[in-house]
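Student: I have a structure here, written as structure tokens, and I will follow up with some questions on it.
The values are calculated or read from the model by the stated rules, or taken from the named source; none is laboratory data. Please read these numbers as outputs of a predicted model, since none were measured by experiment. Glycine gets a Cβ as well: all are built from the backbone with ideal geometry, and neighbour counts include every protein chain shown. In case anyone asks, the SASA skips ligands and DNA or RNA and just uses the protein heavy atoms, side chains included. Shrake-Rupley method; radii C 1.70, N 1.55, O 1.52, S 1.80 Å.
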Amino acid sequence: MEIIEEYSNDSTISNISDITDSSFILNSEDLILLQNPDEMSPKIQSITSTLNLDCSLNLKIISQKIKSSEINQNNKSSLIIKFKDNNTLITLFSNGKMICSGAKSEKVAKSNCLKIAKIIRKLGYDIKIKEYKIQNIIANYEINFKLDLNILYKNICDCFKNANCKFDKNVFQGVIVYINGLNVTIFESGKIVISGAKNKNDIENIFKQIFPLINEAKE
């Protein structure tokens, strides 16, 4: 009660009834436009990373030791290893290089590569863990309003002069933008897919750059 009485004497809210006219009432459309890109996180769909063990491998012998593995029928010089707990794949090559695909986080991608490396070492190979790199991150955002792609395409072309922007609704129902090494695809539904990133910061930064243009294209 003391707190209420203290603030009731504040002139900034004593006349609150004066600002309750319709011009100050936010409707649902206003609330949508108040989305803050800093508070929106991308949903990681897939991460592709690579690791080099720097040694030659006998894939046939390794496949006999790892139950969830099989020789790639399309490429006999590679072995596919499945992680059932996180739905990721490791493609292991006879030259010691590996590719991890389908991971949903950077931590899982690196962890899976290192797990296979440890198994290979236990099998007696003199491996050297080298050149771990994230090659591609695919992520998406979901905006809760529809977009006018014609307006969006024009705005992006005007704003990003050096970007390669494509839109032909008769060919593909989305605006495609190649910018700063990233591929950004924006759909009428408000879904935004970003690929080609090497880290999460790249994804968040490009989203912040295009977000004002997305808001302007709201239907």
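Student: May I ask you to rank Y153, Y141, Y178 by accessible area, largest first, using a 1.4 Å probe over the protein chains only?
Tutor: Solvent-accessible surface, decreasing: Y178, Y153, Y141.
Student: Stick to the Cα atoms of segment 34-142, pair each with every other, and give me the Kirkwood hydrodynamic radius in Å at one decimal.
Tutor: 14.7
Student: Tally Lys and Arg at +1 and Asp and Glu at -1 over the other residues with C-beta under 12 Å from the C-beta of L79: what net charge comes out?
Tutor: Local net charge: +4.
Student: What is the list of residues in segment 61-89 whose amide nitrogen lies under 11 Å from a point 7 angstrom out from the Cα of I129, following Cα to Cβ?
Tutor: Zone members listed by number: none at all.
Student: Could you put C55, C157 in order of accessible surface area, largest first, with the 1.4 Å probe and the full protein assembly present?
Tutor: My answer, sorted largest first, is C157, C55.
Student: For I61, I206, write out the residues from largest to smallest accessible area, computed with a 1.4 angstrom probe and no ligands counted.
Tutor: If we order I61, I206 from most to least accessible, we get I61, I206.
Student: Okay, next question. Could you state the principal axis extents of the C-alpha atoms in segment 90-160, from the largest down, to the nearest angstrom?
Tutor: So the three principal-axis extents are 60, 24, 16 Å.
Student: On full extension of the chain, what length is gained from Q45 through N86, given 0.36 nm per residue of separation minus the C-alpha to C-alpha distance?
Tutor: Going from the current span to full extension adds 13.5 nm.
Student: In segment 65-112, what percent of the accessible surface is made up of carbon and sulfur (1.4 Å probe, ligands and nucleic acids excluded)?
Tutor: Roughly 50 percent, rounded to a whole number.
Student: Label point 7 Å out from S56 along Cα-to-Cβ: which residues of segment 124-143 have amide N under 18 Å?
Tutor: 124-128
Student: Further question: Please report how far the C-alpha centroid of segment 81-134 lies from that of segment 167-219, rounded to the nearest whole angstrom.
Tutor: Spelled out, the Cα-based centre of one part sits 31 Å from the other.
Student: Then there is this: Could you work out Rg/(2.2 N^0.38 Å) for segment 90-219, with Rg from alpha carbons only?
Tutor: The value comes to 1.38.
Student: In the full protein assembly as shown, how much of T185 is accessible to a 1.4 Å probe, in Å² to the nearest 10?
Tutor: Approximately 20 Å² for this residue.
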